[in-house]
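> One structure is given below, represented as structure tokens, and several questions about it will come after.
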Amino acid sequence: MARGFFSSIRKPSVLPGFGPALGFALFYLSLIVLIPLAGVFWKSAQLGWHDFVLAAFSPRALAAYRLTLVASLSAAIVNSVFGLLVAWVLTRYRFPGRRIIDGLVDLPFALPTAVAGISLSALFSSNNGWLGKPLMDWLGWKVAYTPSGVFIALVFIGLPFVVRTLQPVLEDMEPEAEEAASSLGATRLQTFVRVLFPALGPALLTGFALAFARALGEYGSVIFIAGNLPMKSEIVPLLIMIQLAQFKVGAAAAIAAVMLVASFALLLLINILQRWAYRRSSADA
Amino acid sequence: MRIDVRNVSKRFQDFRALERVSLTVNDGELVALLGPSGSGKTTLLRCISGLDFPDAGEILFDGDDASSSHVRDRKVGFVFQHYALFRHMTVFENVAFGLRVKKRAERPTPDVIKERVSTLLRLVQIEQLGGRYPSQLSGGQRQRVALARALAIEPRVLLLDEPFGALDAKVRKELRRWLRRLHSDLKLTSVFVTHDQEEALELADRVVVMGAGRIEQVGTPTEVYDRPASPFVFEFLGNANRIPCMVENGHAILDGIPFARHTAPRIGDGPAIAFVRPHDLEIVSDVRALPATIRHVTAAGPVAKVEMALDGLQAMVEAEIPRSSEHLPDLVVGAKVNVVAREARVFSANAAPPPAAGPAA
Amino acid sequence: MIASRGASSIAEPVVVRWILTLLALGFLAVFLCMPLAVLVHEALKKGIPAYLAAITTDDTLAAIRLTLLAAAIAVPANVVFGVAAAWAVAKFEFVGKSVLTTLIDLPFSVSPVIAGMVYVLMFGSSGWAGGPWLMDHGIKVLFATPAIVLATTFVTFPFVARELIPLMQEQGTEEELAAISLGASGWQTFFRVTLPNVRWGLLYGVLLCNARAMGEFGAVSVVSGHIRGKTNTVPLQVEVLFNDYNISASFAVASLLALLAVVTLVAKSVLDWQFARSRRRAAH
């Protein structure tokens with residue numbers, strides 16, 4: 001019966017193992033990811049509409065959504081600007097230590113978030129932080145234990161996404177297009193704005209969306225540097241955590257359901273973006 | 001071994017790759033499947049090998065139904081178009097692979113494997129390359145490795161998918177002759193796929209011309225070239241002039257002028273299309289022949305190519321005239337000439353299917 | 001000193017190159033180098049003996065053991081899954097393939113806190129997957145090792161599959177078909193042809209998967225219960241020490257994780273290089 005099912009959904013092939021491989025993959029996917037995730041929606045559905053709204057859209061939750069959204073968005077924007085710059089410098093220029101720096105860009109992927117969190121909070125502490133103290137003394141800008149701290153942590157963890165989506169695109173770009181533009185009289189800046197930037201557009205947007213999506217859910221690096229004050233510097237994942245600690249499982253599930261819906265919408269968007277970027281780059285080839 | 005293909009059909013979604021194809025390949029024969037891309041030739045080859053499965057019909061090996069047996073058990077040597085060499089293995093390991101994966105009881109001892117592989121590498125004339133990786137070989141050398149690897153399992157039949165497709169012209173010619181010699185030594189039933197008519201005509205004992213999932217004609221190279229069974233075959237095997245005309249009493253007639261010395265085959269009177277090879281189109285001083293105006297002359301190489309517009313007809317025709325021809329000095333653009341066909345093959349305009357669409361050469 | 005890669009006709013003026021490079025390096029210095037430097041500074045502030053003492057307390061050693069255990073289960077499980085999923089997705093055509101590849105990436109877009117929470121919903125005292133029953137029978141899943149392993153598996157779920165699928169897709173099926181036509185069985189084909197061809201990609205995936213497994217904080221934090229010496233992993237131990245104002249001990253333990261990250265990055269760079277080489281060889 002199972003055999004019949006698997007051979008009915010695929011094109012015939014002499015390679016063996018399709019049924020067991022797909023069967024196991026689906027089983028494991030369901031067991032570890034899909035069924036547990038479905039529980040979130042089931043649990044929040046049990047609340048009933050009234051209690052759901054009460055839990056998911058309480059003033060405290062709304063403040064947390066706002067902070068998470070604004071901080072994630074601004075961090076993703078900063079990452080797009082500097083990510084483009086870093087990717088450009090790393091692919092176009094040759095300078096000593098370039099390869100080491102290139103490898104270092106992945107640090108936020110590899111460094112556990114708690115480690116990043118405590119390091120950033122020490123670095124940006126306004127009492128004695130290497131950067132936090134000058135920022136406080138000279139600009140009066142308190143970073144650690146404020147919403148600014150959330151922003152800084154999210155810039156850190158989102159940094160590799162834009163760089164790593166742009167780099168291959170920049171590397172694959174043929175110099176001919178730029179040479180053609182300059183032979184037609186365009187200045188370097190015009191060439192960048194009119195020829196390069198549009199070609200980079202889809203990848204930049206994808207990198208932005210990836211950094212944004214990652215920032216929305218980030219927990220570990222943020223909680224050490226944010227003040228974690230309700231209504232002020234409390235991010236959504238932390239709020240879920242606090243509800244769980246107070247055994248308000250239903251409320252936690254409701255807030256999580258809102259977040260999951262946002263994340264899935266974003267995932268869908270990223271998929272569409274990537275398909276678009278792929279089509280554009282392969283249409284050129 | 002003898003292969004019988006009976007009424008094999010295969011479709012990919014809406015695309016009919018094979019339509020009730022039947023074919024017999026005799027023991028020891030070298031057969032070419034020739035056709036444009038999309039004609040189903042590769043699909044047929046893959047169905048014979050067991051890499052693909054026909055939707056209907058059967059394939060017999062020496063009279064036994066092979067349709068249900070797995071490619072692993074068919075003992076076919078398949079040479080892939082891009083060779084599909086195992087890139088992480090040396091040439092030696094590639095050739096030895098088929099022996100090493102045999103069941104323990106049938107697996108030869110390491111010494112025997114070494115012996116067999118060396119013999120094969122010698123046979124394909126690359127015995128000094130055993131330690132190299134595929135990436136370190138030229139295209140022609142990779143082709144030889146792929147062949148040696150396929151022969152290692154002592155196949156009952158050798159199947160080659162576009163064996164010379166990825167090679168440059170010079171290597172291609174060389175390998176072609178070498179494969180011809182190898183086949184006459186081994187006498188192994190072999191089928192190869194090609195879209196190159198020259199390759200098929202030069203190499204094969206018999207040529208199977210395919211178009212749009214059907215077999216158009218099967219015959220010796222001479223048969224298919226000299227007596228094409230359809231307009232499709234005629235156009236696919238070399239250059240052709242298409243001249244719409246009338247057939248009366250077995251003669252091809254245009255504007256009341258019989259323009260062919262020989263007209264074949266014999267068909268009923270009525271509108272027809274005559275096919276004439278450029279080298280069969282002759283420029284003559286006879287004013288009763290077809291009048292034409294020269295539009296372009298290319299005089300490089302052993303023959304001069306003369307493009308002409310037949311007067312009163314939209315069609316352009318091309319003639320190939322020996323450079324030594326006495327007429328050549330008079331052949332300038334704009335000159336009025338008369339032409340006659342040495343031989344024309346006619347197909348009734350009513351019966352003939354439209355010319356093969358798309359990629360037909 | 002800062003050379004342009006392309007032809008000079010399409011290069012920026014030297015001044016612009018300098019400014020752009022310094023801006024980029026400045027940004028990276030603030031966000032990458034300085035946090036690392038702070039970490040090392042704080043960890044070693046009280047001297048080497050204090051550092052060594054901090055990373056060898058019983059609680060820390062227990063945390064290291066638990067982290068290793070969780071990774072030792074989660075990583076192999078995800079390798080088996082990744083290989084199976086990649087085999088199905090890359091070597092066959094079937095209905096719903098793009099849905100499957102999207103679902104595989106799902107854990108990446110789920111907040112780690114939610115990743116932990118789903119197991120609280122399942123195995124908590126009123127959990128829907130037999131929470132009460134487990135409690136009655138004294139089987140501890142939540143706030144114990146099983147949930148820590150599950151949460152770790154969830155967050156590291158896509159790593160191996162993600163590396164293998166594009167790689168195996170790129171390599172096509174011709175070599176496998178050749179192996180089968182030469183008489184190899186399915187397993188022989190897999191172990192002798194497919195696996196050697198993707199070994200670097202697999203190692204790459206394992207490396208990233210392992211780094212994340214050992215460093216995961218949010219998901220594990222939700223399900224761990226923070227019992228010192230029992231259900232704390234290394235990242236949780238960092239948090240506990242930090243919240244105790246035992247700052248330099250916290251940084252000392254964190255430095256172990258940072259070391260893991262740096263080793264992972266170096267190994268990744270080596271693999272990248274190895275990759276580029278084998279790709280050049282294949283393309284040749």
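The values are calculated or read from the model by the stated rules, or taken from the named source; none is laboratory data. These figures come from a predicted structure and were not determined experimentally. Note that we place each Cβ from the backbone using ideal geometry, even for glycine, and neighbour counts take in every protein chain shown. Accessible surface is based on the protein model in full, side chains and every heavy atom, while ligands, DNA and RNA are left aside. Shrake-Rupley method; radii C 1.70, N 1.55, O 1.52, S 1.80 Å.
> Of all the residues that make up region B:313-335, how many are open to solvent by 80 Å² or more (accessible area, probe 1.4 Å) and not aliphatic (A, V, I, L, M)?
Residues in region B:313-335 being open to solvent by 80 Å² or more (accessible area, probe 1.4 Å) and not aliphatic (A, V, I, L, M): 6 in total.
> Please give the number of the condition B:Ile215 fails out of (1) open to solvent by 50 Å² or more (accessible area, probe 1.4 Å); (2) hydrophobic (A, V, I, L, M, F, W, C); (3) within 28 Å of B:Arg16 (Cα to Cα); (4) in a strand (DSSP E or B).
Result: B:Ile215 fails condition (1) only.
> Quick one: what pairs do we get from region A:18-46, first residue at the interface with chain C (Cβ under 7 Å from one of its Cβ atoms), second part of a helix (DSSP H, G or I) and charged (D, E, K, R), C-beta under 8 Å, 6+ apart or different chains?
Hits for this filter: A:Phe18/C:Lys91.
> Follow-up question, since we're still on this one. With respect to the numbered conditions (1) within 9 Å of chain C (Cβ to nearest Cβ); (2) open to solvent by less than 10 Å² (accessible area, probe 1.4 Å); (3) not in a helix (DSSP H, G or I), which one is the sole condition not fulfilled by A:Phe247?
The one condition A:Phe247 does not meet is (2).
> Answer yes if at least one residue in region C:96-113 is within 8 Å of another protein chain (Cβ to nearest Cβ), polar (S, T, N, Q) and assigned to a loop (DSSP other than H, G, I, E, B), and no otherwise.
Scanning region C:96-113 turns up at least one residue that is within 8 Å of another protein chain (Cβ to nearest Cβ), polar (S, T, N, Q) and assigned to a loop (DSSP other than H, G, I, E, B).
> Against the conditions (1) among the acidic types (Asp, Glu); (2) at pLDDT 90 or above; (3) surrounded by 15 or more Cβ atoms within 10 Å (Cβ to Cβ), where does B:Glu199 fall short? Just the number, please.
(2)
> Of all residues in region A:80-105, how many are under 27 Å from C:Cys209 (Cα atoms), facing chain C (nearest Cβ under 7 Å) and buried (at least 21 other Cβ atoms within 10 Å of the Cβ)?
1
> Also: Hey, which of the helices (runs of 4 or more DSSP H) in region C:181-242, taking only ones fully inside, have at least 2 residues that are out of contact with any helix residue (DSSP H, G or I) (no Cβ under 7 Å at 6 or more places or on another chain)? Step through it out loud before you land on a result.
Values: elements: C:186-189, C:199-215, C:218-224.
Here the list reads C:186-189.
> Looking only at region A:198-244, count every residue that is within 12 Å of chain C (Cβ to nearest Cβ) and out of contact with any helix residue (DSSP H, G or I) (no Cβ under 7 Å at 6 or more places or on another chain) and tell me the total.
Qualifying residue count, region A:198-244: 1.
> Now for a different question. Which residues, taken from region C:233-250, are within 11 Å of chain A (Cβ to nearest Cβ) and among the hydroxyl-bearing types (Ser, Thr, Tyr)?
Of everything in region C:233-250, those that are within 11 Å of chain A (Cβ to nearest Cβ) and among the hydroxyl-bearing types (Ser, Thr, Tyr) turn out to be C:Thr233, C:Ser248, C:Ser250.
> OK, next. Would you kindly identify the helices (runs of 4 or more DSSP H) lying entirely within region B:1-111 that contain at least 1 residues that are of a type in the set (D, E, K, R) and surrounded by 19 or more Cβ atoms within 10 Å (Cβ to Cβ)?
B:41-49, B:71-74
> Being aromatic (Phe, Trp, Tyr), within 25 Å of the chain's Cα centre (by Cα) and within 23 Å of A:Ser13 (Cβ to Cβ) narrows it down to one residue among B:Phe97, B:Phe86, B:Phe61; which is it? Working first, answer last.
On the way: B:Phe97 fails: within 25 Å of the chain's Cα centre (by Cα); B:Phe86 fails: within 25 Å of the chain's Cα centre (by Cα).
Exactly one residue qualifies, and that residue is B:Phe61.
> Test A:Gly17 against the criterion of being surrounded by fewer than 20 Cβ atoms within 10 Å (Cβ to Cβ), under 30 Å from C:Ala29 (Cα atoms), modelled with pLDDT under 90 and in contact with a helix residue (DSSP H, G or I) (Cβ under 6 Å, 6 or more places away or on another chain), and give yes or no. Write out each step before concluding.
Working: surrounded by fewer than 20 Cβ atoms within 10 Å (Cβ to Cβ): yes; under 30 Å from C:Ala29 (Cα atoms): no; modelled with pLDDT under 90: yes; in contact with a helix residue (DSSP H, G or I) (Cβ under 6 Å, 6 or more places away or on another chain): yes.
Taking the combined requirement at face value, the residue does not satisfy it.
> Quick one: in region A:111-127, of everything that is part of a helix (DSSP H, G or I), in contact with a Gly (Cβ under 8 Å, 6 or more places away or on another chain) and at the interface with chain C (Cβ under 7 Å from one of its Cβ atoms), which residue is farthest from A:Ile223 (Cα to Cα)?
Restricting attention to region A:111-127, the residues satisfying the condition of being part of a helix (DSSP H, G or I) are A:113-123.
Next, from what is left, pick out any that are in contact with a Gly (Cβ under 8 Å, 6 or more places away or on another chain): A:113-117, A:120-123.
After this cut, where a residue has to be at the interface with chain C (Cβ under 7 Å from one of its Cβ atoms) as well, the list is A:113-116, A:120, A:122-123.
Details: A:Thr113: 10, A:Ala114: 9, A:Val115: 11, A:Ala116: 11, A:Leu120: 11, A:Ala122: 13, A:Leu123: 15 Å.
Checked region A:111-127; the qualifying residue farthest from A:Ile223 (Cα to Cα) is A:Leu123.
> Let me ask something additional. Residues in region C:1-24 that are crowded, with 17+ Cβ neighbours inside 10 Å, modelled with pLDDT of 85 or more and either more than 12 Å from A:Val89 (Cα to Cα) or within 35 Å of the chain's Cα centre (by Cα) (or both): how many?
3
> Limited to region C:154-193, what total is found for residues that are open to solvent by 10 Å² or more (accessible area, probe 1.4 Å) and among the hydroxyl-bearing types (Ser, Thr, Tyr)?
Matching residues across region C:154-193 total 2.
> Which of the numbered conditions does C:Lys230 fail, given that it passes all the others? Conditions: (1) away from chain A (no Cβ under 12 Å); (2) of a type outside the set (Asp, Glu); (3) open to solvent by less than 40 Å² (accessible area, probe 1.4 Å).
C:Lys230 satisfies every listed condition except (3).
> Next up: In the list A:Arg214, A:Arg194, which residue meets the criterion of being in contact with a Phe, Trp or Tyr (Cβ under 7 Å, 6 or more places away or on another chain), open to solvent by 20 Å² or more (accessible area, probe 1.4 Å), part of a helix (DSSP H, G or I) and of a type in the set (Lys, Arg)? Write out each step before concluding.
Values: A:Arg194 fails: in contact with a Phe, Trp or Tyr (Cβ under 7 Å, 6 or more places away or on another chain).
After applying the criteria, what remains is A:Arg214.
> How do the pairs read when you match residues in region C:246-274 that are more than 23 Å from C:Val206 (Cβ to Cβ) and of a type in the set (Gly, Ala, Ser) with residues anywhere that are open to solvent by less than 10 Å² (accessible area, probe 1.4 Å) and not in a helix (DSSP H, G or I), using Cβ under 9 Å and keeping only pairs 6 or more apart or on different chains?
Sorted first by the residue in region C:246-274, then by its partner, the pairs are C:Ala254/A:Pro112.
> Let me ask something else about it. In region A:110-132, what count of residues is obtained for those that are modelled with pLDDT under 90 and either open to solvent by 70 Å² or more (accessible area, probe 1.4 Å) or within 24 Å of the chain's Cα centre (by Cα) (or both)?
So the answer is 2.
> Sticking with this one: Could you figure out which of (1) open to solvent by 10 Å² or more (accessible area, probe 1.4 Å); (2) among the β-branched types (Val, Ile, Thr); (3) more than 15 Å from C:Phe154 (Cβ to Cβ) isn't true of C:Val75?
Going through the list (1) open to solvent by 10 Å² or more (accessible area, probe 1.4 Å); (2) among the β-branched types (Val, Ile, Thr); (3) more than 15 Å from C:Phe154 (Cβ to Cβ), C:Val75 breaks only (3).
> Select, from C:Met122, C:Met117, the only residue that is within 7 Å of chain A (Cβ to nearest Cβ), in a helix (DSSP H, G or I) and either farther than 19 Å from A:Ala256 by Cα or in contact (Cβ under 8 Å) with a residue 24 or more places away in the chain (or both).
C:Met117
> Same structure again: Any residue at all in region A:167-177 that's touching a Gly at 6+ places or on another chain (Cβ under 6 Å), modelled with pLDDT under 90 and either open to solvent by 50 Å² or more (accessible area, probe 1.4 Å) or more than 17 Å from A:Leu73 (Cα to Cα) (or both)? Steps first, answer last, please.
Residues of region A:167-177 touching a Gly at 6+ places or on another chain (Cβ under 6 Å): A:175.
Retained after the next criterion (residues that are modelled with pLDDT under 90): A:175.
From the residues that got through so far, the ones that are either open to solvent by 50 Å² or more (accessible area, probe 1.4 Å) or more than 17 Å from A:Leu73 (Cα to Cα) (or both) too are A:175.
Within region A:167-177, one or more residues are touching a Gly at 6+ places or on another chain (Cβ under 6 Å), modelled with pLDDT under 90 and either open to solvent by 50 Å² or more (accessible area, probe 1.4 Å) or more than 17 Å from A:Leu73 (Cα to Cα) (or both).
> Follow-up question, since we're still on this one. Take C:Val40 and decide whether it is under 30 Å from A:Gly19 (Cβ atoms), within 14 Å of chain A (Cβ to nearest Cβ) and open to solvent by 30 Å² or more (accessible area, probe 1.4 Å).
On the way: under 30 Å from A:Gly19 (Cβ atoms): no; within 14 Å of chain A (Cβ to nearest Cβ): yes; open to solvent by 30 Å² or more (accessible area, probe 1.4 Å): yes.
Criteria not met by C:Val40.
> Scan region C:189-209 and report the pairs whose first residue is more than 10 Å from chain B (Cβ to nearest Cβ) and whose second residue is open to solvent by less than 40 Å² (accessible area, probe 1.4 Å) and of a type in the set (Gly, Ala, Ser), with Cβ atoms within less than 6 Å and a gap of 6+ or a chain change.
C:Leu207/C:Ala267
> Report yes if some residue within region B:238-252 is touching a Leu at 6+ places or on another chain (Cβ under 6 Å) and among the hydrophobic types (A, V, I, L, M, F, W, C); otherwise report no.
yes
> Quick one: count up the residues across region A:5-17 that are of a type in the set (S, T, N, Q), more than 7 Å from chain C (Cβ to nearest Cβ) and not in a helix (DSSP H, G or I).
Of the residues in region A:5-17, 0 are of a type in the set (S, T, N, Q), more than 7 Å from chain C (Cβ to nearest Cβ) and not in a helix (DSSP H, G or I).
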